[in-house]
1. Summing Lys, Arg as +1 and Asp, Glu as -1, what charge do residues with Cβ under 12 Å from the Cβ of F429 carry, F429 excluded?
2. Viscosity 0.890 mPa s, temperature 25 °C: Stokes-Einstein D of region 131-450 from its Kirkwood Cα radius, in µm² per second?
3. How far apart, in nanometres, would the label points at D439 and F215 be if each is projected 7 angstrom from Cα along the Cα-to-Cβ direction?
4. Remind me, relative contact order of region 131-450 in percent, using alpha carbon pairs under 8 angstrom and six or more residues apart?
5. Can you sort I392, I321, I168 from fewest to most other Cβ atoms within 10 Å of each residue's own Cβ?
6. Which of K195, K63, K260 comes first, and how do the rest follow, when ranked by fewest Cβ neighbours within 10 Å?
7. Work out how much length L82 to Y291 would gain on full extension: take 0.36 nm times their residue separation and subtract the Cα-Cα distance, in nm to one decimal.
8. Quick one: length gained pulling T167 to W360 fully straight, 0.36 nm per residue minus the C-alpha distance?
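Readers should treat all values here as calculations from the given coordinates under stated rules, not as data from a laboratory. Model, not experiment: these values are computed from the prediction. Neighbour counts run over all protein chains shown; Cβ positions are idealised from the backbone, glycine included.
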Amino acid sequence: MYYPLPTLIKPATQYHHSIAGYIRSKSGINKTGLGWSGCFLFACCTVSQAQTVDQQFQRLLSKGANGDYCVELVGNSARDPLTLQPVNFGPQLAGLCVGLPTGGGGSPPPPVGSGPGGATSGSAAGAGQSVLGQADQLATRRRQQSSKDKKSGGGSGDDGELALSPTINLFFNADYRELDRRQTVFEQGYFSNQKGFSLGADTLLTDWLVAGLAFNYSHWHGDQISGGGFQTDSFGPTVFASLTPWQGFFADMSFQYANKTGSNTGQRQYAREDNTNFGGTTTGSPGAAQYEGNFLTGYDVAIGGLTIGPRAAIRYRRANIDGYTEQGNSGLELRFLPDSLTSVQSSVGAQASFVFNTQWAVLIPQLNADWTHEYADGQREILVEFAQDNRINPTLFTIQTDRPDRDFFRMGAGVVAVLPHGWQAFVNFETIIGHAYFDNYTGTVGFRLGL
């Protein structure tokens with residue numbers, strides 16, 4: 001999964017590791033260890049018991065045998081002989097170190113690039129869900145048309161109109177997504193929605209190759225169940241190509257870059273042993289750069305107006321997440337170190353469509369379904385330190401995330417209308433089924449025009 005950049009990606013949101021519980025100075029970290037799908041830069045060391053934010057705070061800020069607080073956090077660093085507060089700590093964090101917080105910190109915000117391991121992407125069997133999906137939809141119709149010996153009559157219902165235009169084609173997609181995450185011990189639950197669009201062009205370079213370019217933008221807004229929320233803006237280009245080297249077979253490829261910027265708010269509340277309360281509102285501005293590559297292939301068989309065939313896809317995604325520091329005045333704010341997320345998914349499924357000829361358009365309803373498996377994105381640890389720990393070598397500690405859901409399913413349905421004068425329009429709906437953490441519903445509408 002990904003953090004929406006600490007609400008961007010699951011740390012753009014979307015979030016997993018395993019050094020839990022280890023605390024060390026920067027000089028003691030082996031920085032060659034990298035987690036894959038969704039791992040921050042982290043230290044390679046012995047794995048210990050998983051830690052939540054609350055558990056780590058309790059351990060770091062607890063009272064030692066000598067009566068001092070924050071024993072684990074302060075270590076051998078100097079304290080003021082009169083107040084016993086640590087030297088080189090911000091005022092609020094130093095104040096916490098004369099008492100013990102005993103509960104309720106909450107988990108970090110969801111990362112920027114997150115969703116159920118690729119939930120934001122179209123399914124392997126789907127078409128019309130993305131720029132690549134549109135090219136696939138047209139190529140599919142073209143393959144069906146090429147399997148016939150002659151065109152059928154009927155105005156705009158003429159199958160000849162299903163062929164790709166040899167000139168430039170312009171297209172526009174708009175989509176709306178509801179993505180809700182369940183609350184767990186390690187990660188916050190939230191209710192979110194995302195609105196976005198793609199604008200681009202493609203052209204038929206040869207009788208078997210379509211290539212194109214698009215610009216994508218989306219805005220993601222979420223409200224966390226435990227309070228606070230996040231938002232992420234994402235934009236960048238996509239290049240894609242669709243190949244149909246022989247009848248029935250096709251292969252689609254795309255590469256996408258997205259720049260993600262976000263903001264989040266949250267609440268942290270703690271009570272000392274003497275019932276003195278600490279806490280307040282935290283805010284942050286995470287960011288990330290995301291790279292994604294997709295490869296989809298399939299084979300279509302036309303039986304009259306029905307076209308049916310298998311689909312197989314592989315998807316690679318990597319997000320490089322910027323480090324950032326939370327703002328606030330509670331002393332509990334954190335500094336997130338730079339991180340990276342990597343996801344590798346495969347999807348296997350099928351798609352079926354049927355062509356209806358009418359006097360005003362060719363209508364092509366379709367159904368698709370697939371099974372998706374995640375290979376890389378694993379449980380991981382987020383490496384952080386207290387924002388007010390101003391020592392040269394501040395204490396680093398980790399926050400554990402959920403294990404990923406390795407397998408889930410997607411189903412979708414839609415309709416494409418091929419209209420006179422080079423116009424085409426489509427609408428598509430897709431949902432995720434059987435995911436351990438997420439509920440996802442996506443609707444997409446769009447059109448294209450051949451010039």
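1. -1
2. Answer, rounded: 111 µm²/s.
3. Result: 3.6 nm between the two label points.
4. 16
5. Result, fewest neighbours first: I392, I168, I321.
6. K195, K63, K260
7. Working it through step by step, the gained length comes to 69.9 nm.
8. So the extension gain works out to 67.2 nm.
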